[in-house]
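The block underneath contains the structure these notes are about, expressed in structure tokens.
Throughout, read-outs are computed from the coordinates displayed, never taken from laboratory work. All of these numbers come straight from a predicted model, not from anything done at the bench. Here Cβ is always computed from backbone atoms with ideal geometry, including for glycine, and neighbour counts include all displayed protein chains.
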Amino acid sequence: MNTQFPGLRLSPLAGVALALLGSGCSNSEAAPSRATPSAAPSAAVQAGARTDNDKYTAEIQANGAYKSGAEGAVDVVLTPKGGYHINAQYPYKFKLSDPAPEGVTFPKAILARADGSFEEKKGSFRVPFVAAKAGKVTVAGTLYLSVCSDANCIIEKEPLEVAVDVK
């Protein structure tokens, strides 16, 4: 309860801002710009297997052979660059596409920080899935991330997807 200013209520966004101030990030900056192809100007951001900028690389990678009916996994990897590092207080997550592609199931629709591995210069999630039949399937989702330098922290959402060949 705010005793200094009775009746003042904070919006949920104000709570996020206060949480960032308490996370050791004293400054923030705009997220890196994303280029969209000139042939298809759109406000929507297209997912790909990799996002690479001067602050970090975020990617989703197939990591082996996949068999129909058996659990397989892809890896989501975040690598800070230059003077940036993994934000120690940020609640990283990877949220899988909803609904899942036809014939694909995810044992867990949202992977939280505790499901991954995070060190100063690398963060990763192993993302399990099961494809019901052989063929190409797409595993897609959004990585919620934050990387920090000594001067500031950035918070971003990166849509990522990879096609895998299921035998």
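A few remarks follow.
- Near Gly116, once Lys and Arg are set to +1 and Asp and Glu to -1 for all other residues with Cβ below 9 Å from its Cβ, the sum equals +2.
- Residue order for Ser68, Ser124, Ser117, fewest other beta carbons within 10 angstrom first, comes to Ser117, Ser68, Ser124.
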